Amino acid sequence: MTASELTGAEPTGSTLTGTGHAVAVAHPNIALIKYWGKRDERLVLPFTDSLSLTLDVFPTTTSVRLAPAAEADAVVMDGVPARDERLRRVTAFLDLVRDRAGRRERAVVDTRNTVPVGAGLASSASGFAALALAAADAYGLPTEPRALSRLARRGSGSAARSVFGGFVVWHAGPVDAPDPDVASYAEPVGDARLDAALVAVVLEAGPKSVSSREAMRRTVATSPRYPEWVAASRAELVRMRQALRVGDLDTVGGIAERNALGMHATMEAASPPVRYLTDASATALDTVRALRAEGVGAWATMDAGPNVKVLCAAADAERVAARMRAATHARVVVARGGPGATLRAEAG
Ligand code: DP6
């Protein structure tokens with residue numbers, strides 16, 4: 001151990017600009033055009049652009065405090081010390097931040113989720129968006145949103161989108177970009193004109209058996225259906241952006257449901273197959289279709305878990321929620337468009 005590690009003194013040549021302690025809040029996002037598959041695992045570069053809505057529910061609050069005397073990062077998640085893969089991912093992310101900031105101090109990280117972890121309700125998106133902002137501020141990296149989006153992406157791809165509020169597009173970036181890391185970031189869909197709600201049907205809150213990271217890796221490597229989903233997804237994104245611009249919920253919803261079902265079909269065809277959807281998911285999907293047959297605009301989307309999120313007009317949200325509750329007996333939460341990641345003032 002060096003003296004600087006013992007004392008927490010700065011290594012020569014670095015600048016002491018970070019605040020040393022920051023608290024950040026970020027919300028999950030639900031993709032209407034999914035991110036599924038990386039073309040570069042280390043840089044977390046996707047094959048396709050994706051498009052999401054950041055929610056106004058289930059925030060994650062994360063504190064990062066530099067601990068100059070500590071020899072290792074200490075990470076507490078929802079009051080429980082993180083271990084194994086979870087600890088490794090946070091430490092690897094902090095190593096990236098430290099490397100960029102030219103600093104060496106370890107950190108104490110305390111993170112509180114209000115969404116069940118690992119249940120396909122995007123806790124890694126809110127988690128890494130909040131961690132990226134708090135760590136960038138504490139260690140003295142730029143917190144400008146586009147830079148932050150690139151940084152959050154390295155923790156978890158979908159976190160790139162939770163840096164921003166409302167409808168957000170994450171650009172995969174051109175494959176021949178001179179610096180692919182710089183070319184892949186999220187930004188708000190500035191011209192979206194849609195007053196939508198997402199009704200979350202929480203069918204299972206437990207951790208999933210196969211992580212989305214592993215499932216997408218397996219899909220890319222083995223699913224014969226993956227290339228066709230990638231091609232469809234690229235065309236769908238263009239059409240969805242047009243539909244958002246003119247407030248055409250029917251088109252947005254139809255594309256979102258097809259894109260999600262297509263993603264689940266790619267993993268069913270992987271080897272070995274991955275299936276996140278359960279009988280309860282099928283019941284929820286049938287209910288969404290029944291609503292449509294009755295003339296209520298409602299469309300389903302599902303991530304790496306059995307839970308179903310229903311896109312509908314904000315004005316229909318309570319009616320849709322009541323039907324989903326009655327059909328599934330599950331916890332149902334109505335979400336609207338929510339804010340991007342923010343720093344909390346009280347850190348110091
Ligand atoms: C199904 O962002 O959790 O929710 O980059 O490996 O951490 P990693 O994956 P993650 O995957 C999210 C996949 C998804 C679709 C989406 O949010 O776009």
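The values are calculated or read from the model by the stated rules, or taken from the named source; none is laboratory data. In this text the structure is predicted, and so the values were computed from the model without any measurement. Positions of Cβ are generated from backbone atoms using ideal geometry, with glycine treated the same way; all protein chains shown enter the neighbour counts. The protein model used for the area step is the full one, side chains on, heavy atoms only, and it has no ligands, DNA or RNA in it. Shrake-Rupley method; radii C 1.70, N 1.55, O 1.52, S 1.80 Å.
So here's what we get for this one:
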read-out: Residue, farthest from Glu41 (Cα to Cα), within the range 204-228, restricted to residues that are part of a helix (DSSP H, G or I) and more than 16 Å from the ligand (Cβ to nearest atom); value: Glu228
read-out: Of all residues making up the range 131-146, the number that are touching a residue at least 12 places away in the same chain (Cβ under 8 Å) and either open to solvent by 20 Å² or more (accessible area, probe 1.4 Å) or within 14 Å of the ligand (Cβ to nearest atom) (or both); value: 8
read-out: Filtered residues of the range 59-81 (kept if out of contact with any Gly (no Cβ under 9 Å at 6 or more places or on another chain), part of a loop (DSSP other than H, G, I, E, B) and not aliphatic (A, V, I, L, M)); value: Glu71, Asp73, Asp78, Gly79
read-out: Residue, farthest from Gly102 (Cα to Cα), within the range 172-185, restricted to residues that are away from the ligand (no atom under 16 Å from the Cβ) and open to solvent by less than 30 Å² (accessible area, probe 1.4 Å); value: Ala177
read-out: From Ala232, Ala321, Ala270, Ala265, residue being more than 16 Å from the ligand (Cβ to nearest atom), among the small types (Gly, Ala, Ser) and more than 19 Å from the chain's Cα centre (by Cα); value: Ala321
read-out: Criterion: more than 16 Å from the ligand (Cβ to nearest atom) and open to solvent by 10 Å² or more (accessible area, probe 1.4 Å) - qualifying residue of Arg104, Arg89; value: Arg104
read-out: Residue in the range 71-82 that is under 16 Å from Thr19 (Cα atoms), among the aliphatic types (A, V, I, L, M), within 16 Å of the ligand (Cβ to nearest atom) and surrounded by 15 or more Cβ atoms within 10 Å (Cβ to Cβ) present; value: no
read-out: Cross-chain or 6+ apart pairs with Cβ under 6 Å, the range 269-281 first and under 11 Å from Ser223 (Cβ atoms), then at pLDDT below 95; value: Val274/Val210
read-out: Residues (open to solvent by less than 10 Å² (accessible area, probe 1.4 Å) and either among the aromatic types (Phe, Trp, Tyr) or within 16 Å of the ligand (Cβ to nearest atom) (or both)) located in the range 287-303; value: Ala300, Thr301, Met302
read-out: Any hit, the range 154-171, residues being within 16 Å of the ligand (Cβ to nearest atom), assigned by TED's automatic domain parsing to the domain that holds Gly37, open to solvent by less than 50 Å² (accessible area, probe 1.4 Å) and farther than 25 Å from Leu343 by Cα; value: no
read-out: Residue match in the range 192-205 (condition: open to solvent by 50 Å² or more (accessible area, probe 1.4 Å) and free of Cβ contacts under 8 Å to residues at least 12 places away in the same chain); value: no
read-out: Every residue from the range 22-49 that is more than 8 Å from the ligand (Cβ to nearest atom) and among the charged types (D, E, K, R); value: Arg39, Asp40, Glu41, Arg42, Asp49
read-out: Residue match in the range 61-69 (condition: without any contact (Cβ under 8 Å) to a residue 60 or more places away in the chain and either within 16 Å of the ligand (Cβ to nearest atom) or not assigned by TED's automatic domain parsing to the domain that holds Trp229 (or both)); value: yes
read-out: Residue in the range 83-101 that is in a loop (DSSP other than H, G, I, E, B) and closer than 28 Å to Ala31 by Cα present; value: no
